[in-house]
């Protein structure tokens, strides 16, 4: 695996965070491995870090590095080999009335209002209920990353139904976060957003779409294993995701 050109006395530094509440399992403690957020080379290291199982949150590039738990498995979709299954084709048809627009990653009033409605419905009591504009920016908008907002609007009245926050690297896209109108949950907008990200990646000749972490036994992360073929990172290499999972 390649690396950016080395400069004397300028090696990339990694840090361990302290223990903190796990964002997925309320009864567990977690800690992360973090790339030095002050390193000016983060934009050039980021593409490689994705390939090492890292992920971006705001300006932080991290990977779970817990003492006893290994539940978080980095996963990605090889774009050229992907073919939607029957349920995914239905999601495309169900949302054929929507128009996708690729926009700069800049928070607007519409984005924030939709994000807050989504959190209130999907993550009530999860510690994100009171997120406002600063928290939105801190979580989703990186100061150094090449990020785009994929807006999904109705073709008739241009109502914003979903936003997929997507990072761009030379060879891949990374699905950072998707939020949508909870009143339209029956549309399968989360699945639809991934399918459109895959379509965009294919059009631009990118190799992979990174989906972050799949977590065995976690209902909100289970959808990721339905995209096939899928690859999982075992800490050393990317391997085909098993057909049968617990």
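The values are calculated or read from the model by the stated rules, or taken from the named source; none is laboratory data. Just so you know, these numbers come straight off a predicted model, no measurement behind them. Note that each Cβ is placed from the backbone with ideal geometry, even for glycine, and that neighbours are counted across all protein chains shown.
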> Are there any pairs, at least 6 apart or on different chains, whose C-beta atoms fall under 9 Å, with the first in segment 212-224 and at pLDDT below 90 and the second assigned to a helix (DSSP H, G or I), and if so, which?
Replying inline: 216/222; 220/122
>> Which numbered condition in (1) farther than 24 Å from residue 50 by Cβ; (2) at pLDDT below 95 is the only one that residue 96 fails?
In response: (2)
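This table checks each residue for (1) part of a loop (DSSP other than H, G, I, E, B); (2) touching a residue at least 40 places away in the same chain (Cβ under 8 Å).
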residue: 26; (1), (2): yes, no
residue: 33; (1), (2): no, no
residue: 39; (1), (2): yes, no
residue: 49; (1), (2): no, no
residue: 56; (1), (2): no, yes
residue: 63; (1), (2): no, no
> Which one of these is in contact with a strand residue (DSSP E or B) (Cβ under 9 Å, 6 or more places away or on another chain), closer than 20 Å to residue 84 by Cβ and at pLDDT 95 or above: 239, 209, 195?
Replying inline: 209
> In this structure, does residue 92 turn out to be within 30 Å of residue 156 (Cα to Cα), part of a helix (DSSP H, G or I) and either touching a residue at least 12 places away in the same chain (Cβ under 8 Å) or more than 18 Å from the chain's Cα centre (by Cα) (or both)?
Replying inline: yes
> Taking the condition crowded, with 18+ Cβ neighbours inside 10 Å, assigned to a strand (DSSP E or B) and either at pLDDT 95 or above or in the same structural domain as residue 121 (by TED's automatic domain parsing) (or both), does residue 166 pass?
Replying inline: yes
> Are any residues in segment 96-111 part of a helix (DSSP H, G or I) and more than 18 Å from the chain's Cα centre (by Cα), and if so, which ones?
Replying inline: 109, 110
>> Can you tell me which condition residue 67 does not meet? The list is (1) out of contact with any strand residue (DSSP E or B) (no Cβ under 8 Å at 6 or more places or on another chain); (2) assigned by TED's automatic domain parsing to the domain that holds residue 228; (3) not in a helix (DSSP H, G or I), and all the others hold.
In response: (2)
> surrounded by fewer than 19 Cβ atoms within 10 Å (Cβ to Cβ), farther than 26 Å from residue 21 by Cβ and assigned by TED's automatic domain parsing to the domain that holds residue 188: does that describe residue 130?
Replying inline: no
